[in-house]
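The values are calculated or read from the model by the stated rules, or taken from the named source; none is laboratory data. Note that this is a predicted model, so its numbers are computed, not measured. We place every Cβ from the backbone using ideal geometry, glycine too, and count neighbours over all the protein chains shown.
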Amino acid sequence: MESKNEDYQRIRMGKIQKKIDTALIDADNLLRELLPTSIMMNTYRMIAVLLFYMVLILSGFYFMPSIAVLIFFLFLFTQVFGYFQKYSKIERIRHLLKKH
Amino acid sequence: MLHQPLKKKIKKSKNIIESVYEDVSDIYPDLFVSDKVVGYGAIELDPVDLNDTRIAKLESEMKNINYRSEAWMLESVFLGGLAFSGFLTVASANFLGKEPEVFSEFLRHFKIYYEKCFQNEITSWVTQIGNHFFRNDLYILIMLLCLLSSVFFLLVLVLRFRLNSLTLSMDHLIRILNIFNQKKMSFLI
């Protein structure tokens, strides 16, 4: 009776394991399908934001060129600061994640 | 007992599908060996826990994509609307009915500016702006950029629908994974 129960549990465990393995493979494949759409969205968004920035910079010319230059340098400074923060901390963050 | 880090894989041979364990200690040299801490800050991981970390990774990636796409959607709605209203405002306030002439004038100015600056020094690209472009050119350029910007924001919104359907399927799979993983854990405990 006990061995019958053990057999049932082993079969059940095998089925569950198989289900998990299949679902993991499907999830990996689906994630791979998600990436191109996500990259495309990011690219379009980057272009749109860049164009919007250009509109803002050009709007500065409406008053005087120095305002346009000021807006441009603010944009440049923010971008450079963002990249600096990203690449100076990325190793530490990667190391933290690697632990888990 | 000492375990090597193993990865489960589905193997197909002669129409028989079976799950096998593959040693991944070469791929993940700093991944763990059960009962032993390897390297700085390493955490012990049994082969049986590999699924959990994979599920956690999938969930994190999923959340990351979801949050980002939601932020992009909000940004697209507001900035796209703003850009298009900017286009309409400039168009209605300045060139009602005269757009084709002003646009061709702008193109002509641009062509002359490009030809002159191409032959002269590099600094002329900046110094010659004031000599070749006028206020109407500025308006038409702003109009054009506003329109393009709103088109790209709209494309982001269109792509969001595709992403939405995929993320829903992914969410369903992650739920299934969590449910079955819990069932497996109840067997193991």
**Fill in**
Picked from segment B:131-143 (must be within 15 Å of B:E101 (Cβ to Cβ) and among the aliphatic types (A, V, I, L, M)), the residue modelled with the lowest pLDDT is B:I140
**Item:** Failed criterion for A:V49 (all others in (1) surrounded by 15 or more Cβ atoms within 10 Å (Cβ to Cβ); (2) facing another protein chain (nearest Cβ under 7 Å); (3) out of contact with any helix residue (DSSP H, G or I) (no Cβ under 6 Å at 6 or more places or on another chain) hold)
**Value:** (2)
**Message:** Within segment B:163-174, does at least one residue satisfy the condition of being touching a Phe, Trp or Tyr at 6+ places or on another chain (Cβ under 8 Å) and either within 22 Å of B:R68 (Cβ to Cβ) or not in a helix (DSSP H, G or I) (or both)?
**Reply:** no
